[in-house]
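S.K.: Got a structure here, written out as structure tokens. Questions coming.
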Amino acid sequence: MARHKRIQTEEQSEPAMEISSMIDCCFLLLIYFLVATSLVSEKKLDVSIPGSAASAGPPPPLEPGRIAVRANGSVFWNDEMPVGDAYNPDAKQGTPEYHDQRYMESLVEALKALADQAKAADTTPIVMVTGDVKTPHQRIVDVMAALAEADIHTVGLNTAAQE
Amino acid sequence: MGKKNARQVEEVSGEPNMSPMIDCCFLLLIFFVVNASQITVSKDPSVRMPAAVSCSELKDAKGCVVVNVFTEPEKMTGNALKKYKENYPPGTIWGVSDGSKNIGYAKGQEQQLTEFISKQKEFFKSKNMDEKMIRLYLRGDQDAPWEYSSGAIRCAAAAGVTNIVFGTLPSR
């Protein structure tokens with residue numbers, strides 16, 4: 001009699017889905033992504049080196065722009081016009097001094113003018129960047145950022161011969 | 001009659017409701033899945049990334065041959081120096097990962113680095129990837145001399161990879 005009653009009670013109870021294992025999996029995945037994710041994700045600056053096929057062909061209709069970066073980080077446009085001061089690694093992020101150093105306004109303007117000329121001539125603007133062997137990588141990235149802002153992506157990268 | 005109903009309600013409310021917690025958990029999971037960077041494996045903690053004023057989002061890391069460019073060990077501190085010493089032989093300038101282990105190349109090993117980039121290029125090509133999508137992802141330390149970064153670019157050019165991506169962090 002008792003057995004019969006118990007079976008009846010089990011049959012009457014509502015069917016329930018077992019979700020505890022799914023929650024376990026979910027928590028494990030959550031912990032994995034929490035650990036693996038870095039919230040400050042890396043950004044990029046795209047550059048394309050002029051190909052050898054292009055250099056073997058006829059010269060480009062527009063003279064390529066030239067940027068020289070010296071060992072101390074100072075930047076020159078077309079070898080003569082200073083467009084960036086010497087690199088100061090101690091400048092703190094977020095300060096006006098830091099922004100002034102990183103953002104080379106006159107270089108961006110010169111590059112935008114070159115891009116406009118190229119557009120008028122229906123050609124691709126090319127810029128040659130020559131860095132000293134000792135130039136900090138950060139300073140080259142500053143120049144690349146200026147190129148990206150002027151929407152110039154075909155860049156020749158050279159190293160200045162050591163004196 | 002009313003008394004009985006009240007007792008029933010009390011009995012039901014004894015169980016905690018799990019569904020809002022599960023909802024939150026799923027939302028968090030989706031957030032972190034979306035934010036997880038695809039090149040987590042190749043990020044080297046010994047490289048202090050440069051900051052750029054104007055840069056774009058790295059949405060797709062497919063076809064990227066990641067090369068870390070280190071500065072001189074004298075300029076490294078703390079965990080960066082510790083990891084560098086643990087993962088690479090002394091004198092390493094360029095650090096790469098083949099998926100299973102870290103490989104370090106020193107000055108004078110440009111040929112080996114070129115071969116590594118060529119192998120990676122062939123690997124991506126075997127996956128039917130467009131050649132334009134195969135890029136050198138240069139993770140240069142902000143203090144690394146240009147000689148080191150340009151060395152990696154020369155090796156990539158020798159291997160036929162002419163699209164370069166400079167890895168940066170956003171400037172605040």
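S.K.: Filter the stretch B:78-137 down to residues that are touching a Pro at 6+ places or on another chain (Cβ under 8 Å) and of a type in the set (D, E, K, R) and give me whichever is farthest from B:ASP44 (Cα to Cα).
M.R.: By that ranking, first place goes to B:LYS85.
S.K.: Ok, one more. Quick one: in the stretch A:82-122, which of the residues that are under 19 Å from A:GLY65 (Cα atoms) and among the basic types (Lys, Arg) is modelled with the highest pLDDT?
M.R.: Among them, the one singled out is A:LYS112.
S.K.: Has the stretch B:88-109 got any residue that is among the aliphatic types (A, V, I, L, M), away from chain A (no Cβ under 14 Å) and closer than 23 Å to A:ASP132 by Cβ? Don't jump to the end; show me each part of the working.
M.R.: Residues of the stretch B:88-109 that are among the aliphatic types (A, V, I, L, M), as a first pass: B:93, B:96, B:103, B:106.
Now drop any that are not away from chain A (no Cβ under 14 Å), which leaves B:96, B:103, B:106.
Now drop any that are not closer than 23 Å to A:ASP132 by Cβ, which leaves B:106.
The answer is yes, given that some residue of the stretch B:88-109 is among the aliphatic types (A, V, I, L, M), away from chain A (no Cβ under 14 Å) and closer than 23 Å to A:ASP132 by Cβ.
S.K.: If A:PRO125 satisfies every condition in (1) farther than 24 Å from B:VAL47 by Cβ; (2) of a type outside the set (Lys, Arg); (3) surrounded by fewer than 20 Cβ atoms within 10 Å (Cβ to Cβ) but one, which is the exception?
M.R.: With respect to (1) farther than 24 Å from B:VAL47 by Cβ; (2) of a type outside the set (Lys, Arg); (3) surrounded by fewer than 20 Cβ atoms within 10 Å (Cβ to Cβ), A:PRO125 is out only on (3).
The values are calculated or read from the model by the stated rules, or taken from the named source; none is laboratory data. If you're wondering where the values come from, they're calculated on a predicted model, not measured in any experiment. Positions of Cβ are generated from backbone atoms using ideal geometry, with glycine treated the same way; all protein chains shown enter the neighbour counts.
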